[in-house]
Amino acid sequence: PGSRDAFVGVGVVGDRGDRGDRGGRGGRRAGMVPGDATAAANAVATRDDDDDDDDDDDFRGACIAALSGDASRVRDDASARASASADAGWHAPASPRVVVFPLNARETSAVVEACARRRVCVTPRGAGTGLEGGCVPYAGGCVIDTSRMKAIDVRGVERGDGVARVGAGVLKSELNAALKPLGFVFGPDPSSNPSIGGMASTGGSGLSTLKYGTSKENVRSMTVVTPSGAIIRTRAETRKSSTGYELNALYLGAEGTLGVITDLVVKVHPLPRTRCGAVVRFADVKSAAKTVADCIALNLSTLLKCELMNDEGIKVTNVVFKTSLPCEPTLFLEFVGNDERQTMADWKAFEARAEANGSRGSTFAATGEELDDLFDARRGCYLGAMRYRGLEAGTLEKEHVYVGDVCVPLSQLSDTISTTEAAFKRARFPCVICAHIADGNFHCLIPFKEHERAALHALEDKVIGAAIAAGGSASGEHGVGVGKQRYILQEHGATHIGIQRSIKRALDPQNIMNPGKIFPWHASPDDELHAGDDDKHRRPKLAKL
């Protein structure tokens with residue numbers, strides 16, 4: 001695992017840019033760039049009866065050759081295709097033609113080149129924990145599953161460079177298990193257990209952003225396979241590099257639309273020796289937000305996590321997880337450091353500001369076990385929202401859950417949350433709010449049934465529009481995928497989106513890399529994105545639970 005060959009593959013040195021972009025058009029086959037792309041993006045991709053079997057066999061053979069002749073890592077059976085057909089969200093599934101499991105950049109490069117030659121669409125996939133349909137292969141084609149890219153190289157930690165090199169398929173928990181004996185941790189902490197490559201692709205960050213920064217801020221360098229099959233390194237592994245365009249930033253958050261991330265060099269942090277935490281209750285969200293803003297100004301250096309759940313969120317937690325927390329807006333806090341006196345001093349400073357802002361009381365958690373129990377309730381809010389109305393009705397029924405992800409300036413957070421709560425409650429939807437409040441990023445979790453879908457999306461337009469009007473973003477960390485496409489023009493404007501589309505056209509002229517994601521789907525990347533085309537950009541059908 002310590003060798004670079006574990007990531008790139010034996011016999012590969014440097015760039016493969018000499019391969020160029022040699023994609024031939026070939027005949028009709030499932031998974032090619034579709035002619036009627038709008039319809040294809042909104043339907044489940046299935047195998048056509050008139051597919052050319054010779055072409056299928058040729059492509060499968062090319063994939064097997066790309067994976068060193070290992071046919072067991074090229075799967076086109078129903079089980080493998082179904083496993084790669086959905087993410088953790090509510091968007092409709094879609095089956096690929098084939099799922100491949102490369103081990104490194106060399107094998108990934110060979111697969112992508114085979115796809116480019118035949119104009120077969122490519123969908124990269126990590127752990128499948130995303131919520132916006134970003135890894136759902138609506139174009140069919142080939143899913144590149146990175147889950148077997150498991151190499152972890154900690155020599156950079158041992159040398160004192162403060163970095164580790166990991167395969168894109170390494171899970172957050174797996175990386176931290178490897179780092180813990182060395183006294184280090186990978187800082188970003190999403191509530192799910194995503195792959196590191198998936199975190200980089202969407203910008204997923206989670207509960208510890210206040211102290212450690214976003215996932216984008218914790219990636220030093222990446223190896224990326226381009227749409228032609230070339231292998232590039234995005235930048236040097238050093239903290240500072242000022243040698244031209246910042247390609248690292250280009251591929252971070254690109255959701256696999258510009259290339260396939262195969263390995264990453266990530267920043268790691270010393271593991272703190274002491275931790276404590278608390279929950280603090282308030283009469284309203286405004287008082288909680290004011291307290292957080294005050295404490296950020298105090299620069300409490302040991303404050304690691306600062307999470308908010310609204311009264312509805314606490315109610316859901318009590319029903320689903322059998323807790324007995326008062327149903328009031330509540331802050332969940334964790335302090336970490338190497339000096340217990342400093343963590344306690346920071347907690348006392350926070351408590352004093354909370355009391356000055358009218359807090360209703362607090363519960364201190366002195367041990368790690370107590371603290372973990374508190375945050376397990378916070379991490380479980382998505383599952384809680386899914387089961388909430390069923391349990392209240394005395395059934396085991398699960399519902400679909402819409403997940404909002406807006407991020408606004410901290411000064412606008414309480415008003416935006418209040419607007420969101422009021423809008424959904426007027427429409428008689430439960431509105432579960434869990435927020436990375438110190439970042440201005442909050443998730444509204446709305447359980448719904450299919451007949452409520454139209455009303456839900458009308459409300460979504462209003463609350464996301466209000467967040468954007470407040471200077472915010474439609475997505476703080478979940479990405480765009482297919483679920484947030486309709487808002488990117490509103491957030492950025494036509495000129496900005498035009499620049500993004502120009503980058504996509506330049507780097508992926510065949511439009512084979514995860515087509516239909518981020519930008520509303522068109523038959524060609526040369527098509528323009530127009531305002532007012534919402535009727536053309538329908539969301540995929542609802543997934544089955």
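The values are calculated or read from the model by the stated rules, or taken from the named source; none is laboratory data. A quick note: this is a predicted structure, and the numbers were derived from the prediction, not measured. Counting neighbours? That spans all protein chains shown, and the Cβs are built from the backbone with ideal geometry, glycine included.
List of remarks:
- Residues of region 155-178 satisfying the condition of being in contact with a Lys or Arg (Cβ under 8 Å, 6 or more places away or on another chain), among the aliphatic types (A, V, I, L, M) and farther than 15 Å from ASN193 by Cα: VAL163
- Some residue of region 282-294 being farther than 17 Å from GLY204 by Cα, assigned to a strand (DSSP E or B) and touching a residue at least 40 places away in the same chain (Cβ under 8 Å): no
- Restricting attention to region 55-88, the residues that are within 14 Å of VAL143 (Cβ to Cβ), part of a helix (DSSP H, G or I) and in contact (Cβ under 8 Å) with a residue 60 or more places away in the chain add up to 3.
- Cβ pairs under 6 Å, 6+ apart, first in region 153-170 and not assigned by TED's automatic domain parsing to the domain that holds ARG239, second in a loop (DSSP other than H, G, I, E, B) and aromatic (Phe, Trp, Tyr): none
- A search for C-beta distances below 8 Å between a residue of region 296-318 that is under 21 Å from ASP189 (Cβ atoms) and any residue that is modelled with pLDDT under 95 and among the aromatic types (Phe, Trp, Tyr), counting only pairs 6+ apart in sequence or on different chains, returns LYS305/PHE375; GLU307/PHE375.
- Count - residues of region 180-230 that are within 18 Å of ILE518 (Cβ to Cβ) and in a helix (DSSP H, G or I): 7
- Enumeration of residues in region 326-374 that are crowded, with 19+ Cβ neighbours inside 10 Å and either in a helix (DSSP H, G or I) or modelled with pLDDT under 95 (or both): THR343, ASP346, TRP347, PHE350, ARG353, ALA354, ALA365, LEU371, LEU374
- Condition check for GLY465: surrounded by 20 or more Cβ atoms within 10 Å (Cβ to Cβ) and touching a residue at least 12 places away in the same chain (Cβ under 8 Å): no
- Test result for THR129, in a loop (DSSP other than H, G, I, E, B) and outside the structural domain of VAL266 (by TED's automatic domain parsing): yes
- Any hit, region 423-430, residues being in a helix (DSSP H, G or I) and modelled with pLDDT under 90: no
- Residues satisfying the stated conditions in region 281-311, i.e. crowded, with 24+ Cβ neighbours inside 10 Å and acidic (Asp, Glu): GLU307
- Residue under evaluation LEU391, criteria (1) buried (at least 16 other Cβ atoms within 10 Å of the Cβ); (2) touching a helix residue (DSSP H, G or I) at 6+ places or on another chain (Cβ under 8 Å); (3) at pLDDT below 95, criterion not met: (1)
- Exactly one residue among LYS216, LYS180, LYS211 is closer than 19 Å to GLU132 by Cβ and charged (D, E, K, R), and that residue is LYS216.
- In the set ALA435, ALA423, only one residue is of a type outside the set (S, T, N, Q), buried (at least 17 other Cβ atoms within 10 Å of the Cβ) and in contact with a Phe, Trp or Tyr (Cβ under 7 Å, 6 or more places away or on another chain); that residue is ALA435.
- Residue that is surrounded by the most Cβ atoms within 10 Å (Cβ to Cβ), among those in region 191-205 that are farther than 16 Å from VAL268 by Cα and not polar (S, T, N, Q): GLY198
- Looking only at region 119-157, and only at residues there that are of a type in the set (S, T, N, Q) and surrounded by fewer than 24 Cβ atoms within 10 Å (Cβ to Cβ), the one that is farthest from ALA92 (Cα to Cα): SER147
- Those residues of region 469-496 which are free of Cβ contacts under 8 Å to residues at least 40 places away in the same chain, hydrophobic (A, V, I, L, M, F, W, C) and buried (at least 18 other Cβ atoms within 10 Å of the Cβ), in sequence order: ILE488
- For VAL143: the one exception among (1) within 30 Å of ILE512 (Cβ to Cβ); (2) part of a helix (DSSP H, G or I); (3) of a type in the set (Val, Ile, Thr): (2)
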